[in-house]
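Below is one structure; the comments refer to it alone.
Just so it is clear, none of the values below were taken in a lab; they were calculated from the coordinates. The structure presented is a predicted model; accordingly, all values stated were derived computationally and were not measured. Here Cβ is always computed from backbone atoms with ideal geometry, including for glycine, and neighbour counts include all displayed protein chains.
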Amino acid sequence: MTNRYDDLVNWYRKLYPNNNDLISIVSGDASFRKFYRCSEGVLMDAPPQTEKNTQFVKIANLLHSANIKAPVIKAVDYEQGFLLVSDLGNITLANYRTEQNLVDLYKKAIDVLVKLSSIDSTDLPCYDDAFIAMENNICKEWYFKKNIQIEFNETDEETICEFEKLLITNDLQQKQIAMHRDFHSRNIMVTECELALVDFQDMVKGPLLYDLMSLMKDCYFVIDKDKYSELMLYAYNTYKDLNLIDGMLYDDFLKVADITVLQRHYKCLGIFSRLAYRDNKKQYLEYIPTVLNYIKDVCSKYEELQNIAKIFSRL
């Protein structure tokens with residue numbers, strides 16, 4: 001174990017000097033965090049140089065205020081980057097779902113998104129045009145240049161520029177709400193018959209349909225077409241009843257949703273490539289074919305995406 005592990009254990013022992021229980025590693029994630037289970041909950045080693053610990057605590061409290069289940073913060077040392085939080089167990093939506101329960105579970109997840117939309121997002125960072133452009137650049141820098149090492153001609157560059165403008169416009173025209181930003185089946189815990197959220201420290205104020213489509217077109221899992229259609233109709237009717245989509249017709253809702261997730265997947269090509277080449281987490285490369293299939297599928301549907309579709313077909 002590292003010195004940080006020893007420091008984390010010493011910090012925990014000072015909190016509970018009479019507690020000598022064993023501390024076992026739970027996992028690491030796509031960030032630089034590590035998680036350890038103890039009798040009082042879960043210890044988080046979250047280096048302050050890389051992790052947003054202040055935001056994690058703040059947003060956990062925001063989620064609780066909206067009656068959304070999330071880890072309870074029991075203790076925190078911001079200087080060292082150590083946290084003790086309540087234990088939500090080991091069961092994620094990803095490993096709990098079955099063919100039989102998937103629709104009901106995902107409807108519950110959509111209901112959580114409705115609660116999320118009620119959170120006061122005033123103090124959250126804005127997912128604005130500059131933010132989205134920064135994310136788009138991750139794809140160009142890490143997927144196109146580093147991963148597949150492709151050079152584009154002038155026509156391709158113009159096509160990509162117009163494509164990215166479309167993605168930004170589509171996101172900004174939607175209702176802007178509190179957005180988890182990584183709302184997928186591995187970040188949703190199933191505990192005590194409820195769904196709980198983790199990995200929410202990057203929450204922003206952004207487009208209504210972003211989190212929905214992160215769930216529905218998960219980079220790690222493909223929902224079959226019939227269940228997908230049923231769930232999208234459920235989401236549409238739910239948002240419509242709550243006046244969140246301003247009377248949008250269903251076909252228009254589906255198109256906005258498609259282009260919204262297109263922007264996410266475009267970014268994810270870059271994120272997965274960066275994890276592989278910068279952070280030596282090569283396992284993320286295996287998800288790129290799924291992401292590319294999503295992108296090609298959406299691009300094939302709409303006339304204004306035919307030029308970018310040709311680029312991705314070449315790849």
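Some observations on this one:
- Potential lengthening of the chain between VAL9 and GLU154 amounts to 46.6 nm, from the contour at 0.36 nm per residue minus the alpha-carbon distance.
- Long pairs among LYS145/LYS217; LYS140/LYS165; LYS107/LYS240, criterion Cα-Cα beyond 18 Å: LYS145/LYS217
- Alpha-carbon gyration tensor eigenvalues x 5, square-rooted, for the stretch 164-214, Å: 25, 10, 9
- Inter-part distance where the stretch 1-77 and the stretch 80-105 are each reduced to a Cα centre, Å: 17 Å
- For the stretch 92-140, radius of gyration divided by Kirkwood radius, i.e. Rg to Rh on alpha-carbons: 1.17
- Contour excess over end-to-end distance, with Cα ends at LEU172 and THR50 and 0.36 nm allotted per residue: 41.1 nm
- Contour excess over end-to-end distance, with Cα ends at GLN100 and LYS255 and 0.36 nm allotted per residue: 53.0 nm
- Helix 250-277 and the longest principal axis of the C-alpha atoms of the chain enclose an angle of approximately 60°.
- With the biggest extent put first, the Cα atoms of the stretch 135-284 measure 47, 37, 30 Å across the principal axes.
- Folded to 0 to 90 degrees: helix 129-138 orientation relative to the chain principal axis, Cα: 90 degrees
- Bins of 5 Å from zero: percent of alpha-carbon pairs in the stretch 19-157: 2, 7, 11, 14, 15, 16, 14, 10, 6, 3, 1, 0, 0, 0
- C-alpha long axis of helix 288-299 to longest principal axis of the chain, angle in °: 40 degrees
- Ratio of the Cα radius of gyration of the chain to 2.2 N^0.38 Å, where N counts its residues: 1.04
- Spin-label pair LYS227-ASP21: with each label point 7 Å from Cα along the Cα-Cβ axis, the two points sit 3.4 nm from one another.
- Percent of C-alpha pairs per 10 Å bin, the stretch 87-192, short to long: 12, 29, 27, 25, 7, 0
- Per residue, the convex hull volume that the Cα atoms of the stretch 23-91 enclose (Å³): 92 Å³
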